Amino acid sequence: MPGWPISVPEPERPSRGRRKWKFTLLGLIGVFVVLAAYDLVSVSGQVGTAGSARTAATPAASHIPAGDAAPASAAPSSAAQPATAVLTPSPAPRPLPVASIAAFGPGGPADGDNPSIVSRVNEAGAQPWYTSWYASPAFGNLQSGTGLLLDMGGAVKLSGLRLVLGSSLGADVQVRVGNRATLADLATVAGATDVGGTVRLPVTSPVSGRYVLVWFTKLPPNGQPSQYQVDVYSVTVTGIAAPDARP
């Protein structure tokens, strides 16, 4: 009604229970936000740590411990490296020792001339070994030759022979080499004709063997009428010891 006082209703105040509930809700939301942020930081840290671990593990996995074989590309194979040839100089020929000496005839040591004095050969100052005397330079047509068989004790590569004979000229001599003490198995490797005194017989062919035969096929005169024989003072064999050599 006009003129009547109008009463305005007072705003309705929230109750104390409703406000308490709102504070509780805000508190829960805050807790959830904090927990979510913590989880996010933890996950990020774990991811970073795992990545670092993998990065650190990678070089260790590719490392080759000492003693293990290196990859093929790391070092060339030894088979690919060129071989280096080692050249060993050949020994020089030298005078060789003689194991034994025997008188030797066409049938071998059994019918050599004067076997009882063959030890005179190579003895300094001694008398010479000499053959039997014959009525002609060709052994009176009784045999093909006579000589001395040198046993070297093993195979040698012969390079030469030095003889010291009597002074009379007229001897024909051969050097024969082989591994069996028979005339047929001893090959002629050097020779000289009409010689006397010091005789050097070089051997140019590459022959070897255990036995060396000094073989006379013609005799010089001995100063007596119709007598021929040869004197031998020394025999020096020059060469190289060759245990595995073959003639």
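Since every read-out is calculated from the coordinates, none of them should be taken as a lab result. All of these numbers come straight from a predicted model, not from anything done at the bench. Heads up, the Cβs are rebuilt from the backbone with ideal geometry, glycines too, and the neighbour counts pull from every protein chain shown.
A viscosity of 0.890 mPa s and a temperature of 25 °C, combined with the Kirkwood radius over Cα pairs in Stokes-Einstein, give a translational diffusion coefficient for the range 94-241 of 163 µm²/s. Placing +1 on the Cβ of every Lys and Arg and -1 on the Cβ of every Asp and Glu, with no other charges, gives the range 128-242 a dipole of roughly 260 debye about its Cα centre.
Under 5 Å from the amide H of Gln227 lie the amide H atoms of Asn222, each residue being 5 or more positions distant or on a separate chain, with H modelled from the backbone and absent for Pro and chain starts. Along the charge dipole of the range 94-241, Cβ charges K/R +1 and D/E -1, which of Val98, Ile240, Pro115 sits furthest on the positive end? After comparing all options, I get Ile240.
Considering only Thr204, Ala124, Ala192, and ranking their Cα positions along the charge dipole of the range 94-241 that arises from unit charges at the beta-carbon of Lys, Arg, Asp and Glu, the one farthest toward the positive end is Thr204. Each Cα pair under 8 Å and six or more residues apart adds its separation to the average, and for the range 94-241 the resulting relative contact order is 34 percent. 3J(HN,Hα) along the range 153-166, derived from phi through the Karplus expression 6.51 cos²θ - 1.76 cosθ + 1.60 where θ = phi - 60°, amounts to x, x, 5, 9, 9, 7, 10, x, 9, 10, 10, 10, 9, x Hz, with x in place of Gly and Pro.
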